[in-house]
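Q: Take a look at the following structure, please.
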Amino acid sequence: MSAVAEKIETEMPAPILFTDSAAAKVADLIAEEGNPDLKLRVFVQGGGCSGFQYGFTFDEITNEDDTTMTKNGVSLLIDAMSYQYLVGAEIDYKEDLQGAQFVIKNPNATTTCGCGS
């Protein structure tokens, strides 16, 4: 009798989810700027009501310690310090009655504030 080992392949979810909606908005903003080298940088910094706040900026430079994610041709950069706080988070773009904005849904955030910090 021979035992056949069955290889089971499971796809690991991305540690950070960069949604189609967010990627599409970033692509639109990059097109408006006319600079295809721009990438969206997401970072966590001290401050805000709950101790940390999220920030977004465009950057042309990828640093050595950056994690780069690409979705639909758009690059997202996250520095090493921020990455550890964003693992498991979803980066999305929402348009609703309150306006349009990038939103981070982070299951690691133990407290949040209505201001979005």
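The values are calculated or read from the model by the stated rules, or taken from the named source; none is laboratory data. Everything quoted here is computed from the prediction, not taken from an experiment. Here the Cβ is made from the backbone with ideal geometry for all residues, glycine too, and neighbour counts use every protein chain on show.
Q: For the list (1) outside any strand (DSSP E or B); (2) at pLDDT 95 or above; (3) of a type outside the set (Asp, Glu); (4) touching a Gly at 6+ places or on another chain (Cβ under 9 Å), I need the number of the one condition that Phe43 fails.
A: (1)
Q: When the residues of region 46-72 are filtered to those that are under 22 Å from Gln101 (Cβ atoms) and in contact with a helix residue (DSSP H, G or I) (Cβ under 8 Å, 6 or more places away or on another chain), which remaining residue is surrounded by the most Cβ atoms within 10 Å (Cβ to Cβ)?
A: Filtering region 46-72 for residues that are under 22 Å from Gln101 (Cβ atoms) and in contact with a helix residue (DSSP H, G or I) (Cβ under 8 Å, 6 or more places away or on another chain), the one surrounded by the most Cβ atoms within 10 Å (Cβ to Cβ) comes out as Lys71.
Q: Being without any contact (Cβ under 8 Å) to a residue 40 or more places away in the chain and among the acidic types (Asp, Glu) is the filter here; which residues of region 47-95 pass it?
A: Residues satisfying the conditions are Asp59, Glu60, Glu64, Asp65, Asp66, Asp79, Glu95.
Q: Tally time: how many residues in region 9-39 are among the β-branched types (Val, Ile, Thr), more than 11 Å from the chain's Cα centre (by Cα) and either in a helix (DSSP H, G or I) or modelled with pLDDT of 95 or more (or both)?
A: Matching residues across region 9-39 total 2.
Q: Which members of region 60-112 meet the condition of being under 13 Å from the mean Cα position of the chain (by Cα), outside any strand (DSSP E or B) and of a type in the set (Val, Ile, Thr)?
A: Result: Val87, single match.
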